[in-house]
Each structure stands twice: as structure tokens, then as C-alpha cells.
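**Student:** Provided herewith is a single structure, encoded as C-alpha cells, for subsequent inquiry.
The values are calculated or read from the model by the stated rules, or taken from the named source; none is laboratory data. This is a predicted model, so every value here is computed, not measured. With ideal geometry, Cβ positions are generated from the backbone for all residues, glycine too; neighbour counts draw on all protein chains shown. Only protein heavy atoms, including side chains, enter the accessible area calculation; ligands, DNA and RNA are left aside. Shrake-Rupley method; radii C 1.70, N 1.55, O 1.52, S 1.80 Å.
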Amino acid sequence: MGGSEMRPWNITKFLTVAIIVLLILPPAGARGVEKPVPHDEFFYQYFSQTLKKFAYSLRYAYYEGNDYGLTLAENTSSELLQIMMEGRIYQEKGVKAKVFEVLPPFYNFSVELVSLDKLLLSFQENNQSPALAMGVIDTITRMEVYLGEIKSIELYNETEILRFDTREIEKYLNEIRTAAEKALNQTQNLSEILNLTLYVTNKNPIVNQSVTFFGTAPLNESVEIIIGDKNGLERGIVVPVSRYFFALSYRFTNPGKYFVKAVQGNLSTEWLEIDVRKIPTYFLITSPTSAIINTALTLKAVLVDYYSNPLPEREITVNGTPFITDSNGTIALDLKSSREASFRITLEFRGDEFHEGTSKVVTVEFTRIPTTITITGPGTVEAGKTFEIRGSISPAINSTVEIYVNDQPYAIVNSTNGLFSLSMAHETAETLKIYAVFNGTELYLPSKSNVLLVSVVPPEDNLLRYLAVILIVAGIVTYSQRDRLLRGRTRQGEPEGTEALPGISLETPAKPEIPEDVGKAYSLVRELLLRRRGIPKNLTPREVLEKLRGWEGYESLKTLTSIHEKAVYKKENLTEAELQAFKKAAEAVITALGEAG
């Protein structure tokens with residue numbers, strides 16, 4: 001049985017985002033929360049999808065005899081391994097996350113699933129060989145242990161307990177086990193039918209990766225596994241036989257070609273050729289890749305292998321310049337830029353005796369500081385009368401802001417400590433579309449405010465409107481008096497045939513209250529984005545930003561996301577200025593979404 005080549009390490013954008021989200025969740029608020037409430041639904045959804053992939057893999061491999069099942073198993077196992085390798089770095093930094101508890105049984109199950117799919121394909125190709133049937137049963141037994149660990153995991157959605165549904169996988173494993181046992185039971189006398197056979201779970205392993213040699217023997221006596229290298233050196237390993245079946249787990253410690261056979265008495269199998277490959281490597285970026293202009297950025301990269309081991313004292317090149325990794329397999333580059341810039345850095349490792357080479361291109365960005373603007377003003381004004389537009393820009397800077405009316409430049413005002421205002425009047429009756437624009441500086445990014453709609457009405461219309469309000473108020477007073485009289489009459493024993501007219505509410509919908517807790521405030525914004533813009537909750541914060549690029553509230557949402565990530569993901573304490581900026585950004589996003597203000 002041959003193995004397929006390991007997938008390359010160029011992980012997709014989705015997987016990269018998933019890794020970050022899974023490693024950091026569940027979030028805890030930056031302030032205002034004494035004990036974080038568990039929110040494990042993201043874990044639950046992700047790993048539930050992983051279980052569906054496991055089930056599909058079994059169905060394709062066994063019921064349809066399709067090698068797509070094996071491909072799906074290998075891809076899923078590689079994805080889980082990538083998360084494990086990313087997690088090793090975060091664990092070493094002291095990050096504690098639920099994913100480190102959930103992941104191990106899923107990964108271990110995926111490794112056994114790859115072996116089982118290979119066995120199933122060969123089992124069908126070799127007329128349900130008894131040796132392969134025994135291999136199938138032995139592999140399923142190990143898989144059931146990991147499946148039991150998965151079933152025992154408890155996740156939480158606040159107070160609700162979430163448990164994984166493994167019934168479909170259990171059903172497939174039971175049916176496959178039954179078929180394998182049936183193949184064995186149909187063989188009345190194994191010693192008369194079985195030949196000496198030898199199989200391996202992977203013909204192309206990497207150095208130190210476990211493989212299993214297994215097969216059948218006509219006698220319940222030990223067999224000897226002979227392993228020889230390309231230089232002719234051989235070693236023999238004695239393996240016991242039980243029910244005419246034997247198995248040996250083995251790791252090759254050096255790359256190269258090997259030849260393996262089984263011997264029992266005068267019987268011998270053909271040589272199996274095993275091609276052991278070098279250990280794959282990759283670069284893991286452990287630092288931010290963007291910074292504000294004129295600030296220092298230390299780019300850190302760790303060279304690690306397939307087993308998540310850092311590789312110290314290895315020579316790598318950075319855009320062709322040689323560097324040596326430190327004792328932790330890390331290199332650090334100090335970068336700075338006085339202007340907005342984006343450039344590529346190429347990291348390359350050429351490999352060594354035991355490790356494959358690898359390369360990675362990192363894009364580093366230096367950007368200006370993002371800004372947000374919010375303006376407020378009256379909803380209705382009388383033609384010819386002066387009214388005031390007030391605004392604020394965050395961060396609180398001294399600069400100039402341009403006011404637009406009906407998409408035309410109207411005035412330029414000065415912002416002092418982030419605050420500005422403009423008095424204006426309009427002579428004709430119409431609806432004015434007013435917004436403010438900050439054109440940016442060398443240090444700050446441009447931004448555009450929310451749109452304020454001001455209805456300008458003629459004086460006589462305004463008078464009529466006031467009279468209407470007076471009539472309404474008078475009507476309310478009348479209804480209230482009548483209601484009190486009716487209630488008084490009822491209390492005095494008169495028939496209850498008349499009910500008071502319902503009160504009339506003059507309240508307008510309130511602007512959503514923004515929670516003090518950063519995590520809860522961000523959840524509120526996500527709820528509004530779902531209602532107003534149809535943005536699904538299962539998207540990551542960065543995916544939401546990408547979908548809303550170009551939207552009028554984008555820059556505010558970008559600021560909101562950046563501060564949220566710092567507080568929730570990096571678990572850093574926010575300054576008072578950052579908390580104020582977060583609240584203003586949240587207000588600006590809610591205003592842009594059209595919530596009542």
C-alpha cells in the first residue's frame with residue numbers, strides 16, 4: 001500500500017484566519033466584566049464541520065471505493081496539524097485557549113483515518129484479504145478510543161452545554177468493522193489459506209514519522225521483519241503473530257531508500273521499497289507585519305519543522321542576505337519607514353541533512369493612523385434661521401475639516417483637540433445632505449463622517465407643524481382626563497362597559513446603548529451588521545472588513561476591529577484614549593448603519 005505525497009505548506013487564506021480565531025477564542029472583555037462568559041460556539045461549529053469531513057471520507061473510501069475519501073482525510077489532517085503547529089508557538093508564549101484541549105483527539109483521529117482509508121481501498125482491491133481485514137479492525141479499535149475522547153468534550157454557549165455528535169461516524173465504523181469481521185469468519189481455516197504477506201501504511205513517510213508494517217502468516221509463530229538500506233546494511237526485528245496476524249510500528253531516523261520484507265521459516269515476502277523523505281519545514285511569523293509610519297517594527301520569524309520543533313543555528317537568507325537563527329529558531333529584523341509603504345521580504349532556508357528547504361514571502365506595511373469623524377445636528381430647521389453642526393474627529397487632533405452640503409464643498413473648519421463646529425443657514429425649503437471630510441495628513445489617514453439629513457421647511461409650514469403638535473398634546477390631555485373619569489366611575493360600582501383609550505407615545509426609538517465591555521460592544525455591532533447589512537456572524541472580524549471595504553462606515557469599523565483585537569485577542573489593557581476611540585468608532589458605525597440616533 002502506497003502513501004500519497006504530503007500537501008505543501010501554502011495554507012489558504014481561510015485556514016490562516018481560522019487558526020488565529022481558534023487560537024484566541026473564547027474572548028473576554030477588556031473591562032467591566034469580572035468573570036468572562038464562555039462562548040464556544042465558534043469551536044463547536046468548526047469542529048462539527050471537521051466531523052462531517054471525517055464522515056464523508058469514510059463514506060467515499062468504503063461505500064464508493066473512491067480515493068477522494070483519502071484525499072479529504074489527508075487534507076483535513078494537514079489542516080489540523082497546521083493549527084497544532086501554530087498553537088505550539090502561542091502555548092510557549094503562555095496563551096491559554098480552549099482549542100489546545102479540543103484539538104488533540106481530532107488530530108489523532110485524523111491520522112488514523114488516513115491509514116484506515118488506505119486499508120479500505122486495498123481491502124476492496126485485494127478481494128477482502130484477511131490480512132487487510134485484520135488491519136482494518138485493529139485501526140478502528142484505536143480510532144474508537146479517540147472518538148470516545150471527542151464525545152466527552154464539553155463546550156459552552158453561555159450556560160448551554162454543547163457536545164459533538166459522532167453518531168454518523170460511529171455508524172460507518174461499525175459497518176466497516178462488521179464487514180471486516182465477516183471476511184475473517186468466512187475463512188474456515190486461516191492456516192490453510194493465508195500466505196505470508198506484508199503491507200505498510202505509508203511507503204513515503206518522512207524522517208521520524210510512524211508507519212505500521214502488518215500482514216498475515218500461515219503459522220502462529222513469530223516472523224522477522226528485515227529492513228535494509230541502500231548500502232546493503234540490514235537489521236531484523238522479531239514480531240509476534242496472533243490469530244495469524246502481525247503488526248509492527250516503526251520510525252525511520254534517516255532519509256533515503258529502504259527495502260523491507262517478512263520472513264517466517266523458509267517463507268519470505270517480496271521486498272517492499274520505502275522512500276523516506278526529509279522533514280518538511282516552514283516559517284512562522286510571530287510578530288505584527290504592519291505598523292504606523294515613523295514607529296519601529298520588529299519582524300520576527302521562527303523556522304520550525306513538521307513536528308513543531310524550532311530549528312536553531314540554521315542559516316537562512318532575508319532578501320538574499322544571510323542570517324543565523326537563534327537558540328529558539330528565531331530571527332528578528334528591526335524595520336522603520338517615514339512614509340506609507342508596502343514591501344515584500346523573502347525568507348529562505350535551503351535545508352540540511354534531515355530537513356527540506358522552505359521559503360516564505362512576507363508583506364510588510366507601514367500605514368498612517370486611521371481616523372473617524374462623527375457629526376450631529378438638528379433634523380428639521382426653519383428656512384433662513386441659523387443652525388449649528390457639531391463634530392468630532394478621533395484621534396483628537398488639530399487639523400482642518402471640510403464640510404460638504406449636497407455633495408458640494410461648503411466650508412472649511414478647524415478642528416481643535418478633535419472638536420469642530422459650523423453655524424449655517426439655508427434659505428430654500430429642501431432636504432440637505434451634510435457630511436464632513438478629513439483629507440488626511442502625512443501621519444493620519446483621510447476619513448468621511450456619517451451623513452446628516454436636515455429638513456429645511458418654510459416658516460408657514462413650521463407654524464402649521466407647531467399647531468399640529470399643540471392639537472395632539474391637547475388631545476392627549478383630553479384622553480387622559482376621560483380615562484381618569486372612567487376609572488373613577490368603575491371604582492364607584494358603575495358598569496365596566498367602557499375602557500380608557502390607549503396612551504399615545506411620543507418617544508422615538510433610542511440609539512442602541514453601547515456596553516462598557518469591549519467584547520459585548522463588538523458583539524452588538526456584529527448583530528447590527530447582520531440586521532442592516534446581512535453580514536453573517538460566522539465571518540471573522542477581518543473577513544467582515546474585507547466585505548465592507550468602500551462602505552461609508554468602513555474606516556470606523558476598521559478602528560473598532562483593531563482596538564477589539566488588541567483587547568480581546570492580544571489581551572492587552574486599553575488606555576482611556578483607546579477606550580474613548582473605541583466608543584466613538586462604535587457610535588459612528590451604528591450611525592452609518594442607520595440606527596436611530
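**Student:** Name the residues in the stretch 56-88 that are within 30 Å of residue 572 (Cα to Cα), at pLDDT below 85 and either open to solvent by less than 20 Å² (accessible area, probe 1.4 Å) or not in a helix (DSSP H, G or I) (or both), would you?
**Tutor:** Scanning the stretch 56-88 gives 81, 82, 83, 85, 87.
Yes/no matrix, rows are residues, columns are (1) farther than 21 Å from residue 50 by Cβ; (2) in contact (Cβ under 8 Å) with a residue 60 or more places away in the chain:
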site	(1), (2)
101	no, no
118	no, yes
126	yes, no
137	yes, no
144	no, no
164	no, yes
172	no, yes
181	yes, no
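**Student:** Separate question: Restricting the stretch 261-270 to residues that are of a type in the set (S, T, N, Q) and in contact (Cβ under 8 Å) with a residue 60 or more places away in the chain, which is most open to solvent (accessible area, probe 1.4 Å)?
**Tutor:** So the residue we want is 268.
**Student:** Filter the stretch 565-579 for residues that are in a helix (DSSP H, G or I) and of a type in the set (Asp, Glu); which is modelled with the lowest pLDDT?
**Tutor:** This residue is 565.
Condition check ((1) at pLDDT 90 or above; (2) open to solvent by 20 Å² or more (accessible area, probe 1.4 Å); (3) farther than 29 Å from residue 59 by Cβ) across all residues:
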{"residue": "160", "(1), (2), (3)": "no, yes, yes"}
{"residue": "166", "(1), (2), (3)": "yes, no, no"}
{"residue": "175", "(1), (2), (3)": "yes, yes, no"}
{"residue": "184", "(1), (2), (3)": "no, no, no"}
{"residue": "228", "(1), (2), (3)": "yes, no, yes"}
{"residue": "238", "(1), (2), (3)": "yes, yes, yes"}
{"residue": "250", "(1), (2), (3)": "yes, yes, yes"}
{"residue": "258", "(1), (2), (3)": "yes, yes, yes"}
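**Student:** Only residues in the stretch 271-291 that are over 17 Å from residue 205 (Cα atoms) count as the first member; pair them with residues that are of a type in the set (D, E, K, R) and exposed (fewer than 14 other Cβ atoms within 10 Å of the Cβ), Cβ under 9 angstrom, at least 6 apart or cross-chain, and list the lot.
**Tutor:** 286/93; 291/336
**Student:** Which of the residues that make up the stretch 204-217 are in contact with an Asp or Glu (Cβ under 9 Å, 6 or more places away or on another chain) and under 14 Å from residue 134 (Cα atoms)?
**Tutor:** 212, 214
**Student:** Another question about this same structure. What number of residues within the stretch 305-328 satisfy the criterion of being touching a Pro at 6+ places or on another chain (Cβ under 7 Å), modelled with pLDDT of 95 or more and open to solvent by less than 60 Å² (accessible area, probe 1.4 Å)?
**Tutor:** Number of matching residues: 1.
**Student:** Specify the residue that is most open to solvent (accessible area, probe 1.4 Å); the eligible residues are those in the stretch 543-564 that are outside any loop (DSSP other than H, G, I, E, B) and without any contact (Cβ under 8 Å) to a residue 12 or more places away in the chain.
**Tutor:** Taking the candidates together, the pick is 546.
**Student:** Look at the stretch 105-161 and say how many of its residues are touching an Asp or Glu at 6+ places or on another chain (Cβ under 6 Å) and assigned to a loop (DSSP other than H, G, I, E, B).
**Tutor:** Selection size over the stretch 105-161: 0.
**Student:** Sort out which residues of the stretch 580-597 are crowded, with 17+ Cβ neighbours inside 10 Å and either in a helix (DSSP H, G or I) or at pLDDT 90 or above (or both), and write them in order of number.
**Tutor:** 581, 582, 583, 584, 585, 586, 587, 588, 589, 590, 591, 592
**Student:** Would you confirm, using the coordinates I've provided, whether residue 333 is open to solvent by less than 50 Å² (accessible area, probe 1.4 Å), in contact (Cβ under 8 Å) with a residue 60 or more places away in the chain and not aromatic (Phe, Trp, Tyr)?
**Tutor:** Judged against the criteria, residue 333 is not a match.
**Student:** Could I ask something else about it? Report, by residue number, each residue of the stretch 333-351 that is touching a Lys or Arg at 6+ places or on another chain (Cβ under 7 Å) and closer than 29 Å to residue 207 by Cα.
**Tutor:** Passing the criteria: 347, 349, 351.
**Student:** From 362, 401, grab the single residue that is aliphatic (A, V, I, L, M) and either open to solvent by 50 Å² or more (accessible area, probe 1.4 Å) or over 18 Å from residue 585 (Cβ atoms) (or both).
**Tutor:** Only one candidate passes the filter, namely 362.
**Student:** So, one more: So, of the residues in the stretch 195-226 that are hydroxyl-bearing (Ser, Thr, Tyr) and open to solvent by less than 50 Å² (accessible area, probe 1.4 Å), which turns out to be farthest from residue 354 (Cα to Cα)?
**Tutor:** 216
**Student:** Name the residue that is nearest to residue 209 (Cα to Cα), counting only residues in the stretch 341-351 that are in contact with a strand residue (DSSP E or B) (Cβ under 7 Å, 6 or more places away or on another chain) and surrounded by 14 or more Cβ atoms within 10 Å (Cβ to Cβ).
**Tutor:** Ranking the candidates gives 349 first.
**Student:** Report, by residue number, each residue of the stretch 567-579 that is closer than 21 Å to residue 287 by Cβ and open to solvent by 60 Å² or more (accessible area, probe 1.4 Å).
**Tutor:** Passing the criteria: 570, 571, 572, 573.
**Student:** Something else about it: Any residue at all in the stretch 289-304 that is open to solvent by 60 Å² or more (accessible area, probe 1.4 Å), among the hydrophobic types (A, V, I, L, M, F, W, C) and within 29 Å of residue 210 (Cα to Cα)?
**Tutor:** no
**Student:** If you go through the stretch 422-456 one residue at a time, how many are buried (at least 16 other Cβ atoms within 10 Å of the Cβ) and over 19 Å from residue 553 (Cα atoms)?
**Tutor:** Summing the residues that are buried (at least 16 other Cβ atoms within 10 Å of the Cβ) and over 19 Å from residue 553 (Cα atoms) in the stretch 422-456 gives 6.
**Student:** I'd like to check something: does the stretch 299-314 contain any residue that is in a loop (DSSP other than H, G, I, E, B) and among the acidic types (Asp, Glu)?
**Tutor:** Yes, the conditions are met somewhere in the stretch 299-314.
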